[in-house]
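Structure first, then comments.
The values are calculated or read from the model by the stated rules, or taken from the named source; none is laboratory data. Every value quoted in this text rests on a predicted model; they were computed, and no experiment measured them. Backbone-built Cβ (ideal geometry, glycine too); neighbour counts: all protein chains shown. Note: areas computed on protein heavy atoms with side chains; ligands, DNA, RNA excluded. Shrake-Rupley method; radii C 1.70, N 1.55, O 1.52, S 1.80 Å.
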Amino acid sequence: MTTAELPVIAAVDGSWRSYEALEWAARDAVRRGLPLTIVHVRPLNRRTSQEEQRREAEELLAEAVGRVAQVAPTLHTSTLAPMDFPAAALTALSEHASLLVLGSRGLGGFRSLLIGSNSLTTASMARCPVVVHSGRAEEEGAEAAEETFSDIVAGVAADESSEAVLDFAFEAATTRPGARLRIVHGWTMFSSMLSGGPVFDRDAAAGAAERTLAELTAGRPEKYPQVEVVQEPVHGSASHTLVTASATAALTVIGRRKGGEELGFGLSPVAQTTLTHALGPVAVVPC
């Protein structure tokens with residue numbers, strides 16, 4: 001099975017945030033033409049018998065399948081209920097997924113998918129892109145929000161890590177007709193100095209940032225002519241810009257730096273800040 005055929009995996013724990021993430025995952029699977037696997041990780045809990053946990057998992061997954069049927073009635077779905085720590089189970093499953101989708105918060109305890117805990121750990125360790133879905137106002141309606149906010153926002157750095165981010169962002173934009181891709185590159189005089197660029201001339205540094213963006217995106221507009229691209233070199237904090245942009249984006253895409261996974265340092269400061277404070281769905285791409 002190729003990467004293009006691997007399923008979208010959505011994790012559910014019974015919380016409304018996980019169900020919002022599930023519905024987002026179902027719509028995205030339809031757009032990508034991929035099957036959906038719904039996962040509920042049964043916690044390692046000696047106070048509850050395995051039989052009772054299995055029964056609860058079956059009921060929860062049946063509820064999840066029913067919700068997907070309402071959103072995407074023709075979508076092929078399957079279910080899994082492994083017993084493990086949530087982040088460990090989801091990281092293992094990510095090797096066989098094209099995309100992993102989590103809610104930003106869960107029910108608490110071992111069953112939570114909470115930023116700073118299981119979602120953050122999974123995003124740091126997963127082998128495939130991870131979308132952490134931070135639901136907008138509960139009363140707004142997820143589907144209506146997706147129609148209102150169609151932009152894809154991609155945060156890029158001036159190095160090779162941006163290749164995977166841009167590949168994912170352009171592909172995501174192609175599945176959303178009419179979507180605009182905003183490519184954001186934050187720069188400061190300090191970052192200009194570190195990259196060997198202008199040190200004292202702000203206008204020169206701004207010009208260098210524009211050239212960096214042009215180089216990073218070279219060839220992609222021709223490969224994806226249906227995608228409207230807006231390049232945004234921004235002077236100042238990249239994470240602040242991305243968090244602000246996430247409020248009106250269908251999806252914000254950021255990269256996860258290489259190395260440090262064994263020590264739990266799989267996210268750059270920009271990625272961690274964006275993921276923690278984002279106001280909409282965020283995709284974390286291994287790079």
> Of the residues that sit in the stretch 165-188 and are open to solvent by 30 Å² or more (accessible area, probe 1.4 Å) and not in a loop (DSSP other than H, G, I, E, B), which one is nearest to H235 (Cα to Cα)?
Replying inline: R182
> Taking interchain pairs and intrachain pairs at least six residues apart, which have beta carbon atoms under 9 angstrom, with the first residue in the stretch 72-87 and closer than 11 Å to H40 by Cβ and the second open to solvent by 40 Å² or more (accessible area, probe 1.4 Å) and of a type in the set (A, V, I, L, M)?
Replying inline: T79/A62; T79/V65; P82/A92; M83/L44
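Applying the selection to the stretch 60-84, what residues are in a loop (DSSP other than H, G, I, E, B) and in contact with a helix residue (DSSP H, G or I) (Cβ under 7 Å, 6 or more places away or on another chain)?
A72, L75, A81, P82
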>> So, in the stretch 40-62, exactly how many residues are modelled with pLDDT of 90 or more and touching a Phe, Trp or Tyr at 6+ places or on another chain (Cβ under 8 Å)?
In response: 1
> among the polar types (S, T, N, Q) and over 21 Å from the mean Cα position of the chain (by Cα), is that true of S98?
Replying inline: no
> Pick from the stretch 204-251 the residues that are touching a Pro at 6+ places or on another chain (Cβ under 7 Å) and part of a strand (DSSP E or B): which of them is surrounded by the most Cβ atoms within 10 Å (Cβ to Cβ)?
Replying inline: L251
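With the structure loaded, tell me whether L279 is under 24 Å from V8 (Cα atoms), open to solvent by 30 Å² or more (accessible area, probe 1.4 Å) and not in a strand (DSSP E or B) or whether it fails that test. Steps first, answer last, please.
On the way: under 24 Å from V8 (Cα atoms): yes; open to solvent by 30 Å² or more (accessible area, probe 1.4 Å): yes; not in a strand (DSSP E or B): yes.
Against the criterion (under 24 Å from V8 (Cα atoms), open to solvent by 30 Å² or more (accessible area, probe 1.4 Å) and not in a strand (DSSP E or B)), L279 qualifies.
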>> Just the residues that are assigned to a helix (DSSP H, G or I), in contact (Cβ under 8 Å) with a residue 60 or more places away in the chain and touching a Leu at 6+ places or on another chain (Cβ under 8 Å), please, taken from the stretch 6-28.
In response: R17, S18, A21, A25, D28
> Does T48 satisfy the criteria of being closer than 22 Å to P281 by Cβ, outside any helix (DSSP H, G or I) and either more than 21 Å from the chain's Cα centre (by Cα) or of a type in the set (S, T, Y) (or both)?
Replying inline: no
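Run down G14, G33 and say which single residue is open to solvent by less than 40 Å² (accessible area, probe 1.4 Å), of a type outside the set (K, R) and on the phi > 0 side of the Ramachandran plot. Talk me through it step by step, then tell me what you get.
Numbers: G33 fails: open to solvent by less than 40 Å² (accessible area, probe 1.4 Å).
Sole residue among the options that is open to solvent by less than 40 Å² (accessible area, probe 1.4 Å), of a type outside the set (K, R) and on the phi > 0 side of the Ramachandran plot: G14.
Would you say G255 is modelled with pLDDT of 85 or more, within 20 Å of L102 (Cα to Cα) and touching a Ser or Thr at 6+ places or on another chain (Cβ under 8 Å)?
Details: modelled with pLDDT of 85 or more: yes; within 20 Å of L102 (Cα to Cα): yes; touching a Ser or Thr at 6+ places or on another chain (Cβ under 8 Å): yes.
So G255 fits the description; yes.
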>> Of everything in the stretch 72-87, what is open to solvent by 50 Å² or more (accessible area, probe 1.4 Å), closer than 21 Å to W16 by Cα and at pLDDT below 95? Give them in sequence order.
In response: F85
